[in-house]
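Quick notes on the structure that follows.
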Amino acid sequence: MLRSFGLHVFLAVVLCVVAFSVASRLLVANSAFEPLHGHFSEILARHAARELRAAPVPVNTDQIKSFLEKSLDEIRPGEMLVWTDKEVAIPGAAQALARALSSVGTVWTRLDGQHPAQPFEMADLIANAQDWRVLRTPLSQGHLYVAVEKTVLARSAQGVLQTRDGILRNLWPMLLGFVVAVTLLLSRSALKPVLTLQKAFARVDIKNQTEHILPERHYREFAGFISYFNALIDRLRASYAQAARFSSDAAHELRTPLTIIRGYLHRLVNESPDGSHAQIQLSLVAEEVERLISISNKLLVLSQADAGRMTLEKQPIKFNDLIGEMVEDLKSAHRSLRFSVDLAPGISFAGDPELIQQLMSNLFGNAVKYNHPEGQVSFKAATLHKKVVFSISNTTHLSQEGLDERVFERFYRHRVAENHEISRAAGSGLGLSLCREIVTAHGGDIKLSVPAQGWVSFECTLPTES
């Protein structure tokens, strides 16, 4: 099973988004408390400054404490202390804080966003095994101190984070849709250059020696891959040209001696006594020579097609007459087979007579060669939308396994039979490849289908006009 690169990119982006979300939440949960503590301290200082500006002199610390306790949520008794360093009687808990402030070199930090007439400073200290945040501001005589346990600020910060989480829970369907949309967009953007390069690969014509993929038209990360592909295509073209040249040269060199051998063999067959062992042996050799001549002719035509030099001498072809003659000959030679012909009247088109004759001979030859001893051959043809559409179907002893587009490859031979008692005729593996080249040269199309169990069909389409 092939893996999907698009799915791989999609899952990678989803994983990154999820990892970023989890990491950001943990980071916020661990690092947000101190900034929130500072924010709440600034708010508390602004409330205290506002109350001081409105309070009479001397300052009533109980009144200020009562006012400030209202600005913090869920504050408990003893968690806030307010005093001045000029008070005669400082509460017991405040005395411990006052002594801690005086005995330790306390570092005071100025708070931001304060009224210039009533600035506040803050400091953190531990007294009576408790963490305190202490704020102070100058008075006309001495300082005002406001101390809050840090647990109060932590509860307020936790409330903010819980509110944030609640909002996220309410918005999660929208956020999920947004994440999916962004992931798809990123995956599509990541895949687009790859798909563009894939299309460029598909457009490369192996027969065009000068066509290459230009690296400057793609991303520089693909430059090395494109260079490797161009070098590979050049080597493949060189091998392809050498093979085509060898086929053409071999076919040319073999035709003359094979033709001479065939002539001598025919003369020897005619001179031998009828029915003699020598005549039978010479006839078998002559058949093999005819087969070699057929193979060399096919190789020559295929090499011309590979080189783009297959020339068509088109003439009007009366298809009904051609098929009628071929079917009558086949009926005479193969009396055990049943032939059925369904031909629309007056079918004609422009084509090369020799190549069309070769096309039909190969297709009918396969229909007979790979059939049952008492099998069937069916031929249908009609004209449709300025095209000749015909099919040759036949029963076959070949297994359906392997009956696919590979049959049009050169030297491919189907070797699996349903009934092994039926002998399989020998073939060169070039006939159907030649058929495809002939049909393509005429601007048509040919394909294989298996309409039913034990049947095989070749469907061909040819234009009626040149």
Surface accessible to a 1.4 Å probe, THR109 within the full protein complex, Å²: 70 Å²
Estimated distance in nm for a label pair at SER66 and ASP274, the labels positioned 7 Å out from Cα along Cα-to-Cβ: 14.4 nm
Kirkwood Rh, angstrom, the stretch 273-355 [1 / mean 1/r, Cα pairs]: 16.5 Å
Projected area averaged over orientations for the stretch 13-103, convex hull of C-alpha atoms, nm²: 8.9 nm²
Rough spin-label spacing in nm, given labels placed 7 Å along Cα→Cβ, for GLN315 and GLN209: 3.5 nm
Gain on full stretching of the segment that runs from GLN357 to LYS447 - 0.36 nm per residue minus C-alpha separation: 30.6 nm
Helix 150-203 axis, angle to the chain major axis (alpha carbon atoms, nearest 10°): 20 degrees
Loop-located GluC sites (Glu not before Pro) in the stretch 193-236 whose Cβ has at most 16 other Cβ within 10 Å (DSSP): GLU211
Accessible carbon and sulfur surface of the stretch 341-396 relative to its total accessible area, %, 1.4 Å: 51 percent
FRET efficiency for ARG267 and ARG335, using Cβ-Cβ distance with R0 set to 25 Å, rounded to 0.05: 0.20
FRET efficiency estimate (nearest 0.05) - Cβ-Cβ, GLU405 to ARG255, R0 45 angstrom: 0.90
Scattering profile of the stretch 282-409 at q = 0.14, 0.18, 0.20 Å⁻¹ [log10 I(q)/I(0), Debye over alpha-carbon scatterers]: -0.81, -1.27, -1.40
Linear extension gain, THR106 paired with TYR240, 0.36 nm per residue minus alpha-carbon span: 39.4 nm
Nearest-ten-degree value, helix 223-271 long axis tilted from longest Cα axis of the chain: 10 degrees
Accessible area, probe 1.4 Å, largest first, for residues ARG188, ARG262, ARG3: ARG3, ARG188, ARG262
Placed amide H near PHE349: partners under 5 Å, 5+ positions off or other chain: ILE317, PHE319
Scaled radius of gyration (Cα, divided by 2.2 N^0.38 Å) that the stretch 39-178 gives: 1.22
The chain - percent relative contact order, Cα under 8 Å, separation 6 or more: 9 percent
Which listed pairs, of LYS380/LYS447; LYS298/LYS331; LYS207/LYS314; LYS70/LYS150; LYS331/LYS387, have C-alpha distances above 22 Å, in listed order: LYS298/LYS331; LYS207/LYS314; LYS331/LYS387
Mean separation of Cα contacts under 8 Å, 6 or more apart, over the residue count of the stretch 1-140: relative contact order %: 17 percent
Theoretical FRET efficiency, 1/(1+(r/R0)^6), r = Cβ-Cβ of PHE20 and LYS199, R0 22 Å, to 0.05: 0.10
Longest segment of the chain lacking chymotrypsin sites (Phe, Trp or Tyr not before Pro) that sit in a DSSP loop with at most 14 other Cβ atoms within 10 Å: 220-410
Degrees, to the nearest 10: 33-54 long Cα axis against longest axis of the chain: 40 degrees
Three principal axis lengths of the stretch 119-179 [C-alpha, angstrom, descending]: 61, 29, 14
Heavy-atom accessible area per residue - the chain, 1.4 Å, Å²: 61 Å²
Accessible area of VAL107 in the full protein assembly, 1.4 Å probe (Å², nearest 10): 110 Å²
Qualifying trypsin sites (Lys or Arg not before Pro) in the stretch 198-246, DSSP loop, other Cβ atoms within 10 Å at most 16: LYS207
Convex hull projection area averaged over all views, the chain, Cα basis, nm²: 42.8 nm²
Full-extension gain in nm, ALA93 to ASN128, via 0.36 nm per residue minus C-alpha separation: 11.7 nm
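The values are calculated or read from the model by the stated rules, or taken from the named source; none is laboratory data. Note that the structure is a prediction, hence the values are computed from the model and not measured. Note: ideal-geometry Cβ built from the backbone for every residue, glycine included; neighbour counts use all protein chains shown. SASA here: full protein model, heavy atoms, side chains in, ligands and nucleic acids out. Shrake-Rupley method; radii C 1.70, N 1.55, O 1.52, S 1.80 Å.
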